[in-house]
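In what follows, a single structure is set out as structure tokens and then discussed.
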Amino acid sequence: MANKNQTLGEFIIQNQTEFKYSSGELSRLINSIRLAAKVVNHEVNKAGLVDILGAAGDTNIQGEDQQKLDVYANDIFIKTLINREIVCGIASEEEDDFITISGNNNKNKYVVLMDPLDGSSNIDVNVSVGTIFSIYRRVTPEGSPVTIDDFLQPGNRQVAAGYIVYGTSTMIVYSTGHGVNGFTLNPAIGTYYLSHPNMQFPEDGNIYSVNEGNYVRFPQGVKDYIKYCQKEEGDRPYTSRYIGSLVSDFHRNMIKGGIYIYPNNSKNPEGKLRLLYECNPMAYLAEQAGGSASNGFTRILDINPTELHQRVPFFCGSKNMVLKAEEFMKNASPKS
Ligand code: AHM
Ligand code: MG
């Protein structure tokens, strides 16, 4: 039974036994992410003071170099995970290659893949950004250094995934395969409380989120679907809402019902979003909340990744909306 006074720390302990291999390692890992998220949150909240504290590339009054926030977030998450010797490897959107962590004699079981600060171009204009993370059990034997195979696993093998949204409130939303729960940070005391237990995507929705500025470059199926959303019929036209910050757009759609689309287009033939750092974790959360995620034709979580920074088209949100968009994609594609 969900208890709204419950803190994230209490929730993690209470639910530890639900984990398949309950050694406490995954709980400690989520605890580390919780901690790093607080540090990043503190820095993101100060971003508006940039003219006072110094812009990226400057040296501040204490003689420290000011970093870009996405680089800062990347460093904080990596340092926190390395210092606690809690994972055997990390891959990040900000790093060219994966990082091997050999602490604890390579005995740690989990790898973390993350986008430390997604939507960072929104920071300058005081719009919400987020952190996205994804956790897998390694596939190579414990006791040896990780290899690329530990990272190139299909999304259906994730053991946990989540995001932090640095919005009007800071929230951490995550799943370990038993539904999705959201916790809101009380900044006065630095504690996250269970504010959104068992989050569910409405099956239908009336919001579509896509960068329509790219319309002329979209595949015909997406153009047709957008026209469908705009048609005056039944509960349509739908509302268009696009923040340009995946975590925020997803978060709103999960609460209100909607679809997020970042299609391939003539300029980005594979799409823009990264399969491992953005699409897989969001797809896992969507499905855990009763929603759906596809590349227009195939379930995102069933795609076998071939490279770390692989991009894919992304259609994610309320189940019936994703189904409808897929129908348009199929109907518009050349019949074989
Ligand atoms: P980023 O990882 O470089 O921040 O890019 C990902 C972001 C998403 O958060 C957002 O939905 C999308 O890029 C917006 O892209 P665009 O400006 O092309 O619409
Ligand atoms: Mg990103």
Segment residue 127-residue 82, extension gain: residue separation times 0.36 nm, minus the distance between their alpha carbons: 13.2 nm
Axial C-alpha extent at least 18 Å, average Kyte-Doolittle at least 0.5 - helices from the chain (DSSP): 69-83
Rounded percent of accessible protein surface that carbon and sulfur make up, the range 86-129, 1.4 Å probe: 34 percent
Residue-averaged [θ]222 nm for the chain, counting only DSSP H segments that reach four residues, each worth -39500 (n - 2.57): -8500 deg cm²/dmol
Heavy atoms of residue 251: accessible area, 1.4 Å probe, square angstrom to 10: 30 Å²
Label-to-label distance, nm, for residues given as residue 16 and residue 200 (7 Å Cα→Cβ offset): 3.1 nm
Percent of beta bridges antiparallel (DSSP, the range 63-151, rounded to nearest 5): 70 percent
Antiparallel bridges, percent of DSSP beta bridges restricted to the chain (to nearest 5): 85 percent
Linear extension gain, residue 302 paired with residue 107, 0.36 nm per residue minus alpha-carbon span: 67.4 nm
Filter on 68/109; 79/272; 256/324; 227/330; 267/319; 227/324 - keep pairs with C-alpha separation over 22 Å: 68/109; 79/272; 267/319
Sparse-neighbourhood loop sites, trypsin sites (Lys or Arg not before Pro) in the range 268-336 - DSSP loop, at most 10 other Cβ within 10 angstrom: 335
Inter-label distance for residue 233 and residue 49, nm, one decimal - labels placed 7 Å from Cα along Cα-to-Cβ: 5.5 nm
Theoretical gain in end-to-end length, residue 211 to residue 327 [0.36 nm per residue, Cα-Cα removed]: 39.7 nm
In the range 95-186, the trypsin sites (Lys or Arg not before Pro) that fall in loop regions by DSSP, at most 15 other Cβ within 10 Å: 107
Charge-dipole axis of the range 277-331 as Lys and Arg at +1 and Asp and Glu at -1 on Cβ define it, positive-most pick from 281, 315, 301: 315
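The values are calculated or read from the model by the stated rules, or taken from the named source; none is laboratory data. Quantities reported herein were computed from a predicted structural model and do not represent experimental measurements. All Cβ positions, glycine included, derive from the backbone under ideal geometry; neighbour counts span all protein chains shown. Remember, those area values only see protein heavy atoms, side chains included, never the ligands or the DNA or RNA. Shrake-Rupley method; radii C 1.70, N 1.55, O 1.52, S 1.80 Å.
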